[in-house]
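Enquirer: I'd like to ask some things about the structure below.
The values are calculated or read from the model by the stated rules, or taken from the named source; none is laboratory data. Treat the numbers as computed from the prediction; the structure is a model and nothing was measured. Quick reminder, even Gly has a Cβ in these numbers, built from the backbone with ideal geometry, and neighbours come from all protein chains shown.
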Amino acid sequence: MGEWDFLGGLFQSLQNHSPMLGRFWLLLMLVFRIVILGTVASDLFEDEQEEFACNTLQPGCKQVCYDQAFPISQYRFWVFHIVLIATPSLVFLMYAMHHNSKKTSRPKLTEDYREERRLRRLYIVNVAFRIVAEIGFLVGQWLLYGFKVEAQFPCSRFPCPYTVDCFTSRPAEKTIFLCFYFIVGVISAISSCLEFFHSSVKWFCLRQGSLKRQHSYVSQNLHNIKQEEEEGLGGKSVSSAPSTMRLKKGPQRSSAK
């Protein structure tokens, strides 16, 4: 259970940097995947290979038939799924913690806004990778196991002397768990799609707002520069006006004399 505790702590830390839809996905991941997979499924699939029985004593027949029935164990398939989804989340969490440490160690600058945009962009990439992983594993689970664990499995692979019948342990219970995990995967995929759409729209709106603010800031600066130039030209014309008046008065006084 040590690896599940590590993943649980990872997702709890990731919750501080996620929106509401992201926290809903984290709830599904923590409760309906990690907790159930670490408690219920570990006991359910622990002895699946030992309890897989075939009606023959031919050496090696049971092993090759089990490999044909389950190319990869469902439990290992779901563990690999969780680890693959947790990897980009771990990268995002490391970057976010590094960003927060830099932000607290120095005063606020204009670079903070750019870092926030990069953080949002990285989070959107994380959600996009999560969507691809969710849909890919749903398709893989459907192709490998379908929606039912068969109680009886005929096998005719070498070295079986003939077509033998093999039997799986607890097929009804495994079928329920298989469908349950598939439904959780569908809900998680839909939640991730909604989160990706929401985060993309929010990031686009913030980007447009920042561009408008930058444009208004540049326009205000240009207006101030033009106003200063006009004031400077007006001061020069006012200062040159008395000098021209003195030049005009000088010849008039000389002519009067």
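Enquirer: Quick one: would you say residue 136 is within 29 Å of residue 202 (Cβ to Cβ) and either in contact with a His (Cβ under 7 Å, 6 or more places away or on another chain) or surrounded by 12 or more Cβ atoms within 10 Å (Cβ to Cβ) (or both)?
Expert: Answer is yes for this residue.
Enquirer: Right, something else. Under the condition of being closer than 18 Å to residue 71 by Cβ and crowded, with 18+ Cβ neighbours inside 10 Å, which residue from region 149-174 is farthest from the chain's Cα centre (by Cα)?
Expert: Looking at the filtered set, the residue picked out is 160.
Enquirer: State which residue is surrounded by the fewest Cβ atoms within 10 Å (Cβ to Cβ) when the search covers only region 22-71 and only residues that are more than 30 Å from residue 162 (Cα to Cα) and of a type in the set (Gly, Ala, Ser).
Expert: Checked region 22-71; the qualifying residue surrounded by the fewest Cβ atoms within 10 Å (Cβ to Cβ) is 42.
Enquirer: Same structure again: If residue 89 satisfies every condition in (1) over 30 Å from residue 143 (Cα atoms); (2) modelled with pLDDT of 65 or more but one, which is the exception?
Expert: (1)
Enquirer: While we're on this one: Hey, can you tell me all the residues within region 81-101 that are within 30 Å of residue 155 (Cβ to Cβ) and loosely packed, with under 13 Cβ neighbours inside 10 Å?
Expert: Passing the criteria: none in range.
Enquirer: Does residue 21 qualify as being part of a helix (DSSP H, G or I), under 29 Å from residue 147 (Cβ atoms) and modelled with pLDDT under 80?
Expert: yes
Enquirer: Could you grab the pairs with beta carbons closer than 9 Å, sequence gap of 6+ or different chains, first residue in region 30-55 and without any contact (Cβ under 8 Å) to a residue 24 or more places away in the chain, second one loosely packed, with under 12 Cβ neighbours inside 10 Å and in a helix (DSSP H, G or I)?
Expert: Taking only residues 6 or more apart or on different chains, the pairs are 30/12.
Enquirer: Among the residues of region 68-80, is any polar (S, T, N, Q) and farther than 30 Å from residue 128 by Cα?
Expert: Yes - at least one qualifying residue is present in region 68-80.
Enquirer: Here are the criteria: (1) without any contact (Cβ under 8 Å) to a residue 12 or more places away in the chain; (2) over 21 Å from the mean Cα position of the chain (by Cα). Tell me which single one residue 177 does not satisfy.
Expert: (1)
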